[in-house]
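One structure, as structure tokens, below. Some questions next.
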Protein chains: 2
Amino acid sequence: MKISARNALDLWRGAVTETVRSRGPDLTARQLAIMLCVYLTEPPHTVRGLATDLKLRKPAVTRALDKLEQLGFARRKSDPDDARSILVQRTVRGSVYLSDFGDLVVRTARQIS
Amino acid sequence: MKISARNALDLWRGAVTETVRSRGPDLTARQLAIMLCVYLTEPPHTVRGLATDLKLRKPAVTRALDKLEQLGFARRKSDPDDARSILVQRTVRGSVYLSDFGDLVVRTARQIS
DNA sequence: CTAATTTGATACGGATGCGAAACGACCTTC
DNA sequence: GAAGGTCGTTTCGCATCCGTATCAAATTAG
């Protein structure tokens with residue numbers, strides 16, 4: 001993957017601009033980071049683990065998961081091995097959303113130099 | 001610029017995750033989109049123009065500019081040719097921030113596949 | 001069994017964002 | 001110069017997010 005700093009910024013602008021324009025789900029940076037972590041890194045994902053990984057407080061993760069669950073982008077499942085923990089799971093809807101977003105970035109990249 | 005959808009998502013995750021972790025300025029997607037537009041596209045930039053371009057309401061742009069100005073990432077200057085308009089201007093601080101962010105994306109890209 | 005710890009969720013007060021509507025200042029038109 | 005339009009801002013009520021502190025439930029340690 002080769003990319004210059006200028007191209008990186010243009011890429012970011014193109015994708016973020018298009019997201020804003022199209023009135024997509026209004027995710028904060030934290031919510032998006034959590035979502036990408038859940039979908040792109042190996043399970044299992046717990047509230048505690050996500051909080052540690054992203055240097056967030058636990059309530060912030062709980063609330064972000066509330067939002068993602070409300071959008072249908074994540075599901076909570078209690079851990080059978082430790083009923084205190086919850087396992088954050090992916091959904092079809094979330095997979096589709098991220099897939100579309102990835103395609104948007106690719107299309108944007110093609111338009112740049 | 002060649003990039004696969006999967007790499008695009010990994011790139012996004014890496015950069016957003018690092019931004020969250022490092023406690024950078026907590027910009028919303030709208031605020032970021034406005035900032036990138038101001039810095040990466042040709043001036044002049046007005047509230048009206050930014051709102052039209054991003055399909056936002058004017059008060060949303062005004063508030064985003066309040067935030068960017070508070071962070072030292074933008075300046076308002078009244079248009080000498082039409083005192084109703086304001087011209088959104090770049091700052092050194094904002095340039096440095098975006099430059100650093102671009103470098104972060106480049107570094108992240110290097111770590112991917 | 002009891003006490004201490006861990007886990008995720010919740011209550012609270014405060015900060016910040018939103019859209020709709022209204023506003024003052026300014027330009028344009030006649 | 002009065003009427004109407006444009007531009008950016010402000011006000012209003014509402015929704016969402018934050019961090020701190022606290023909670024109940026489950027687990028672990030003694």
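Bear in mind that the values in this text are calculations on the coordinates, not laboratory data. Keep in mind that what you see is a predicted model, and the values were worked out from it rather than measured. Backbone-built Cβ (ideal geometry, glycine too); neighbour counts: all protein chains shown.
Using only the alpha carbon atoms of region A:1-47, find the Kirkwood hydrodynamic radius as the inverse mean reciprocal pair distance, in angstroms to one decimal.
One over the average 1/r among Cα pairs gives 12.7 Å for region A:1-47.
Distances in nm, one decimal, shortest first, from A:Ser85 to the same residue in every other copy, taking the label point 7 angstrom along Cα→Cβ.
Once sorted, the set of distances for A:Ser85 reads 5.9 nm.
Right, here's the next one. Name the residues whose placed amide hydrogens come within less than 5 Å of the amide hydrogen of A:Ile86, ignoring near sequence neighbours (fewer than 5 apart) on the same chain.
The list, which skips near neighbours in sequence, is A:Val47, A:Asp79.
Please list, in chain and number order, the residues 5+ apart from A:Ala74 or on another chain whose amide H is under 5 Å from its amide H, with Hs placed from the backbone.
For A:Ala74, the qualifying residues are A:Glu69.
Between Rg and the Kirkwood Rh of region B:67-113, both from Cα atoms, what is the Rg to Rh ratio?
Reported Rg/Rh (Cα atoms, Kirkwood Rh): 1.26.
Here is a follow-up. What relative contact order, as a whole-number percentage, does chain B give when Cα pairs under 8 Å and 6 or more residues apart are counted?
Over chain B, the number comes to 29 percent.
Just rank A:Glu42, B:Glu69, fewest to most, by other beta-carbon atoms within 10 angstrom.
The fewest-first ordering by Cβ neighbours comes to A:Glu42, B:Glu69.
Take the eigenvalues of the Cα gyration tensor for the protein assembly as shown, scale each by 5, and report the square roots as semi-axes in whole Å, largest first.
33, 19, 16
Can you find, among A:Ala83, B:Asn7, B:Pro44, the residue farthest towards the positive end of the dipole of the protein assembly as shown? Put +1 on the C-beta of Lys and Arg, -1 on that of Asp and Glu.
Farthest towards the positive end: A:Ala83.
Same structure again: Express in % the proportion of alpha carbon pairs of chain A at distances exceeding 23 Å.
Summing the P(r) of chain A above 23 Å gives 36 percent of all pairs.
Given a Förster distance of 22 Å, report the FRET efficiency between A:Lys55 and A:Ser22 from their Cβ-Cβ distance, rounded to the nearest 0.05.
For A:Lys55 and A:Ser22, the calculated efficiency is 0.10.
While we're here: Taking the Cα centre of region A:58-108 as origin, work out the dipole magnitude from +1 charges on Lys and Arg Cβ and -1 charges on Asp and Glu Cβ, in debye rounded to 20.
140 debye
So the label point sits 7 Å from Cα along the Cα-to-Cβ vector; using that for B:Pro25, what distances do you get to the other copies, in nanometres, sorted shortest first?
Ordered by distance, the counterparts are at 2.8 nm.
Calculate one ³J(HN,Hα) per residue across region B:47-62 by plugging θ = phi - 60° into the Karplus curve 6.51 cos²θ - 1.76 cosθ + 1.60, and present them in order as whole Hz with x for glycine and proline.
Per residue, the Karplus-derived 3J(HN,Hα) values read 4, 4, x, 5, 4, 5, 4, 9, 6, 10, 7, 4, x, 5, 5, 4 Hz.
For the protein assembly as shown, compute the number of Lys pairs whose alpha carbons are separated by less than 28 Å, excluding pairs fewer than 8 positions apart on the same chain.
Lysine pairs meeting the criterion: 16.
Now for a separate question. Under a point-charge model restricted to the Cβ atoms of Lys and Arg (+1) and Asp and Glu (-1), what is the dipole moment magnitude of the protein assembly as shown relative to its Cα centre, in debye to the nearest 20?
For the protein assembly as shown, the charge dipole is close to 240 debye.
Ordered shortest first, which distances in nm separate the 7 Å Cα→C-beta label point of B:Arg6 from those of the other copies?
Relative to the other copies, B:Arg6 has label-point distances of 3.2 nm.
For region B:31-72 and region A:29-104, write down the distance between their C-alpha centroids in whole Å.
31 Å
In addition: Give me a comma-separated list of calculated 3J(HN,Hα) values for region A:15-23, in order, Karplus coefficients 6.51, -1.76, 1.60 applied at θ = phi - 60°, integers in Hz, x for any Gly or Pro.
In residue order, the calculated couplings are 6, 5, 4, 5, 4, 5, 4, 8, 6 Hz.
Taking the Cα centre of chain B as origin, sum charge times position over the Cβ atoms of Lys and Arg (+1) and Asp and Glu (-1), and report the length of that vector in debye to the nearest 20.
Roughly 300 debye for chain B.
Mind checking the mean number of beta-carbon atoms from other chains within 10 Å of the Cβ atoms in A:16-25?
Taking the mean over all residues of the peptide, I get 5.
In whole Hz and in residue order, list the ³J(HN,Hα) couplings for region B:105-113 that follow from phi through the Karplus curve 6.51 cos²θ - 1.76 cosθ + 1.60, θ = phi - 60°; x for Gly and Pro.
4, 4, 4, 4, 4, 5, 7, 9, 6
Shifting gears a bit: For the charge dipole of chain B, defined by +1 on Lys and Arg C-beta atoms and -1 on Asp and Glu C-beta atoms about the Cα centroid, which residue among B:Met35, B:Thr19, B:Leu98 has the Cα displaced farthest towards the positive pole?
B:Thr19
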